[in-house]
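The values are calculated or read from the model by the stated rules, or taken from the named source; none is laboratory data. Just so it is clear, the structure is predicted and the values come from calculations on it, not from any experiment. Here the Cβ positions follow ideal geometry from the backbone for every residue, glycine too, while neighbour counts run over all protein chains shown.
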Amino acid sequence: MSRIAVLGAGTMGHALALVFALGGHRVRLTDSNPETLARAQGLMEKALASLVAGGEAPAEWTSAHLAQAVTRHDSLAECVDGAELIVEAIVENPEAKRALFAELDRVAPAEAIIASNTSYLDIFPMVPERRQPRTLIAHWYTPPYLCDLVDIVGGPRTDPATVETVRAMCAAMGKQPIVMRRFVPGYIANRIQSAIGLEVQKLLDEGIATAQEIDAAIIHGIALRLPILGVFAKADFTGLPMMQHALRNRMYEPPPVRGRSETLDRLIAEGRTGVMSGAGFYDWGGRDPAALFEERDRRLIALKQALRRIGTMAGMERSGE
């Protein structure tokens, strides 16, 4: 059991606090916004209830159990006092992160590991020199209590032992840590998602298909095979000459990076910002966002359990299956 401090109680922070608590660690949670911190307990309880109902968390994990495992603190210094691992999950703003790292340098234990959940920022130039050997990136995916992937990236001066400590900790909690050779913005999954995002926005902006039709093509075509085969195992089953011919024939030209989408700009201007506003690409019919998140989690749990039973074919050659 380790002492964990989670900084930032928003979308990722409260969920990461839950992950580490379920992993058997003692967790302290803080946020610079008192309202966000106050809201975190209810959000963790709802997520925990979904996990318990789906059999992904022990039945004895009640709200009272959670309140003991994760405590909330108004003060940063109090939150990180005695912490062995400090998880940074604040807003994706360079100056905010730089200021936080400077404050951590002042108040955090000297031996604490600092793990940033940044999605795209190279945080290493922002970290004080003496903290560099024990600082890394540990990037999670939403919701982290169901998505097992964790991108782990050390900086130029990160001690390899620090990387291994965090990798082993994540693996012990049943997660799938991937240690990257070096930092690249977006890591692996987010870079692939970015490429998909460019294409789907182009299809939408040019009126080739609706959002619903594009999602249907992904769900019933691409997504059916990816959980079992990934990309490269799928290529093996199709036959590598097919991939070679596609490259030679230039059957596909990726869209240029435009920096904006007319459809996206219009929806946001109309106040359709997603589930929290009641509508985005879809009209969610005024349903309570908490109920929608609960329904999403229920379906993800069912899918995760089915995939666990089915297994994957990627990497079978290593196990000799």
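For Ser75, the conditions (1) loosely packed, with under 13 Cβ neighbours inside 10 Å; (2) free of Cβ contacts under 8 Å to residues at least 12 places away in the same chain all hold with the exception of (2). Inspect segment 184-200 for any residue being surrounded by fewer than 10 Cβ atoms within 10 Å (Cβ to Cβ) and without any contact (Cβ under 8 Å) to a residue 40 or more places away in the chain and give the result as yes or no. Checked against the condition, which is being surrounded by fewer than 10 Cβ atoms within 10 Å (Cβ to Cβ) and without any contact (Cβ under 8 Å) to a residue 40 or more places away in the chain, segment 184-200 yields no hits at all.
Scanning segment 27-54 for residues that are in contact with a helix residue (DSSP H, G or I) (Cβ under 6 Å, 6 or more places away or on another chain), surrounded by fewer than 21 Cβ atoms within 10 Å (Cβ to Cβ), assigned to a helix (DSSP H, G or I) and small (Gly, Ala, Ser) yields a total of 0. With respect to the conditions (1) at pLDDT below 95; (2) among the small types (Gly, Ala, Ser); (3) surrounded by fewer than 14 Cβ atoms within 10 Å (Cβ to Cβ), Ser119 lacks only one, and its number is (3). Screening Cys170 against (1) more than 14 Å from the chain's Cα centre (by Cα); (2) assigned to a helix (DSSP H, G or I); (3) surrounded by 15 or more Cβ atoms within 10 Å (Cβ to Cβ) leaves a single unmet condition, (1). Are any of the residues in segment 272-291 in the same structural domain as Ile196 (by TED's automatic domain parsing), at positive phi and either surrounded by 12 or more Cβ atoms within 10 Å (Cβ to Cβ) or modelled with pLDDT of 90 or more (or both)? Within segment 272-291, one or more residues are in the same structural domain as Ile196 (by TED's automatic domain parsing), at positive phi and either surrounded by 12 or more Cβ atoms within 10 Å (Cβ to Cβ) or modelled with pLDDT of 90 or more (or both).
Could you list, in sequence order, the residues of segment 55-74 that are in a helix (DSSP H, G or I) and among the hydrophobic types (A, V, I, L, M, F, W, C)?
Of segment 55-74, the ones in a helix (DSSP H, G or I) are 63-69.
Matches in segment 55-74: Ala64, Leu66, Ala67, Ala69.
Considering each residue of segment 253-269 in turn, none proves to be under 21 Å from the mean Cα position of the chain (by Cα), assigned by TED's automatic domain parsing to the domain that holds Ala195 and surrounded by 15 or more Cβ atoms within 10 Å (Cβ to Cβ).
Let's see how each residue does on (1) over 24 Å from the mean Cα position of the chain (by Cα); (2) of a type in the set (Ser, Thr, Tyr); (3) within 18 Å of Asp31 (Cβ to Cβ):
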| site | (1), (2), (3) |
| --- | --- |
| Thr71 | no, yes, yes |
| Asp74 | yes, no, yes |
| Ala83 | no, no, yes |
| Ile86 | no, no, yes |
| Phe101 | no, no, yes |
| Arg106 | yes, no, no |
| Pro109 | yes, no, no |
| Ala115 | no, no, yes |
| Ile123 | no, no, no |
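Annotation note: of Arg39, Arg28, the sole residue that is on the phi < 0 side of the Ramachandran plot, among the basic types (Lys, Arg), at pLDDT below 95 and not assigned by TED's automatic domain parsing to the domain that holds Phe293 is Arg39. Pairs meeting the criteria (first residue in segment 21-43 and over 20 Å from Ile86 (Cβ atoms), second residue part of a loop (DSSP other than H, G, I, E, B), beta carbons under 8 Å, at least 6 apart or on different chains) are Pro34/Asp74; Arg39/Ala9.
Could you say whether any residue in segment 55-63 is within 30 Å of Leu303 (Cβ to Cβ), touching a Leu at 6+ places or on another chain (Cβ under 7 Å) and buried (at least 22 other Cβ atoms within 10 Å of the Cβ)? Looking through segment 55-63, none of the residues is within 30 Å of Leu303 (Cβ to Cβ), touching a Leu at 6+ places or on another chain (Cβ under 7 Å) and buried (at least 22 other Cβ atoms within 10 Å of the Cβ).
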